[in-house]
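Everything below concerns the one structure shown next.
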Amino acid sequence: MKITQIEAFKIEYTIYGGKGFKVSLDRVITVLPAIVVKVSTDEGISGYGEIGPIGSTYAEAYFNGIVPGLQELGPQLLGKDPREVKKIADFMDMSFAGHSYVKTPLDVACWDIFGKSTGLSVATLLGGRKMEKYPIWGLLGRQHTPETMADAVAEFQTEGYSMFQVKVGGEVNVDAARVRAARKAIGDDELVFMDANTGWLSSQALSFLNMVDDLDVIMEQPCASYEECLYVRKNSKVPLVLDEVITSLKVLLKAYQDGAMDGFNLKIARFGGLTGAKTIRDVGEKLGYGMTIEDFWGGDITSAAICALIGSTEPAHYKAATDYPSTVDISVAEDAPRMKDGYMPVPDGPGLGIQVDDKRLGKAIATIK
């Protein structure tokens with residue numbers, strides 16, 4: 001089997017019906033442009049991948065860099081066997097340094113083809129199906145004030161959510177009040193994460209944590225740098241997980257050796273796709289960490305890739321994930337996984353387990369053949 005063509009399609013998602021999502025004090029996502037990649041082969045089997053960077057400040061990735069990157073890397077993949085996923089991933093790393101977000105949709109598409117060619121789900125190929133469904137968290141953005149938090153929590157709970165993430169990273173007194181209101185409304189038996197998305201200095205993070213350290217909560221990535229987060233971890237009793245700074249296996253091992261975290265967030269696009277993410281997931285399990293497993297953002301295809309990785313993860317090591325399809329307004333696959341009663345099902349069909357409707361993708365904005 002050989003890759004014969006690579007196409008890129010642009011999708012422009014509207015977040016939460018146009019209301020947007022306030023990630024931190026000065027970052028609001030209203031519209032999310034993403035690229036869907038279709039990889040075609042000489043045997044008539046095609047695979048799909050997706051990448052949706054959250055602007056250009058969240059990670060070393062930006063939307064306008066995706067297509068030029070594909071045009072640089074894509075021609076070098078023509079004629080290669082997409083089923084050799086590790087060989088493809090190694091080749092991309094060798095011939096195109098960095099730019100993991102460009103490699104991600106190509107890698108995921110190759111896994112999709114690999115699964116379809118064998119009749120197996122990607123979850124099976126990533127290590128075996130270990131979960132048929134998994135709980136996801138409700139995202140409580142900064143638009144939810146202490147006064148409106150109870151209503152927001154009640155709405156999520158009505159839909160079956162059993163864990164929550166409260167976005168913080170603004171004025172510490174206000175955020176502490178928001179978290180207290182959320183914890184009270186949620187009750188004692190459900191997980192509560194607080195995510196600052198790197199929004200604080202270490203002094204601000206510690207001030208905030210001192211205000212909430214009597215609560216059963218978990219802090220995620222309070223500061224921008226690894227060193228700041230390590231300082232916070234060493235000076236607070238609140239459990240801490242890292243996200244934005246976990247960008248390589250070396251960093252993961254350093255964090256383990258330094259005692260810098262109690263768990264971490266694994267985002268597929270930070271590691272060039274499912275091949276790299278599988279390595280991080282496997283090592284995370286061996287080190288005994290609980291993991292949040294997700295990606296930057298996206299729709300049906302991104303969600304299917306996340307489902308595959310989580311579905312092949314040992315349940316004891318899975319902590320949380322985001323239900324991206326419920327946040328956007330465009331679906332490209334009728335059979336894509338959908339949250340039900342707070343749980344996301346893991347597709348069991350070949351490949352990613354979804355049938356992408358090419359008509360919904362529109363016209364390709366770039367074609368490599």
About its Cα centre, the chain carries a charge dipole, from +1 on Lys and Arg Cβ atoms and -1 on Asp and Glu Cβ atoms, whose size in debye to the nearest 20 is 620 debye
The ³J(HN,Hα) series, computed from each phi in the stretch 212-221 with the Karplus coefficients 6.51, -1.76 and 1.60 at θ = phi - 60°, rounded to the nearest Hz and given as x for glycine or proline, is 10, 6, 8, 9, 8, 9, 10, 9, 10, 5
Honestly the stretch 125-345 on the Cα gyration tensor test (a ≥ b ≥ c root eigenvalues; a/c under 1.5 rounded, otherwise a/b vs b/c for prolate or oblate) is just oblate
So, with points 7 Å from each Cα along the Cβ direction, the residue 225-residue 203 label distance in nm works out to 1.5 nm
The base-10 log of I(q)/I(0) that the Debye equation returns for the stretch 301-369 at q = 0.19, 0.21, 0.24, 0.28 Å⁻¹, one scatterer per C-alpha, is -0.83, -0.96, -1.15, -1.39
Per DSSP, the loop-located GluC sites (Glu not before Pro) within the stretch 1-86 having at most 16 other beta carbons within 10 Å are 43, 60, 84
Asserting the computed 222 nm helical MRE of the chain (DSSP H runs at least 4 long, -39500 (n - 2.57) per run, divided by residue count, to nearest 500) equals -10500 deg cm²/dmol
The set of residues whose placed amide H lies less than 5 Å from the amide H of residue 133, leaving out same-chain residues fewer than 5 positions away, is 346
The pairs in 10/184; 234/286; 38/286; 167/363; 87/250; 19/87 lying past 31 Å Cα-Cα in this model are 10/184; 38/286; 167/363; 19/87
Mean projected area, convex hull of alpha-carbon positions in the chain, reported to one decimal in nm², is 16.3 nm²
Assertion target for 307, 223, ordered by fewest C-beta neighbours within 10 angstrom first, is 223, 307
Listed by chain and number, the residues whose amide H is under 5 Å from that of residue 5, excluding neighbours fewer than 5 places away on the same chain and using placed H, are 40
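Multiplying the sequence separation of residue 360 and residue 93 by 0.36 nm and subtracting their Cα-Cα distance, what value in nm do you get? Walk me through the numbers on the way to the answer.
On the way: separation 267, 0.36 × 267 = 96.12 nm, distance 3.13 nm.
The residue 360-residue 93 span can extend by a further 93.0 nm.
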The alpha-carbon center of the stretch 152-181 and that of the stretch 73-105 are separated, in whole Å, by 40 Å
To the nearest 20 debye, the stretch 215-288 has a Cα-centred charge dipole, built from +1 on Lys and Arg Cβ and -1 on Asp and Glu Cβ, of 240 debye
Expected vector for the stretch 146-161, Karplus 3J(HN,Hα) from phi with 6.51, -1.76, 1.60 and θ = phi - 60°, integer Hz, x for Gly and Pro, equals x, 6, 9, 4, 4, 5, 5, 5, 4, 5, 5, 5, 4, 7, x, 5
With +1 at each Lys and Arg Cβ and -1 at each Asp and Glu Cβ, the charge dipole magnitude of the stretch 125-345 around its Cα centre, to the nearest 20 debye, comes out at 680 debye
Here the convex hull volume per residue of the stretch 159-249, taken over Cα atoms and given in Å³, is 105 Å³
Simple SL model, points at 7 angstrom along Cα→Cβ for residue 329 and residue 19; separation in nm is 1.4 nm
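Values quoted throughout were computed directly from the atomic coordinates according to the rules given, and no laboratory measurement underlies them. Here the structure is a predicted model, which is why all the values come from computation and not from measurement. We place every Cβ from the backbone using ideal geometry, glycine too, and count neighbours over all the protein chains shown.
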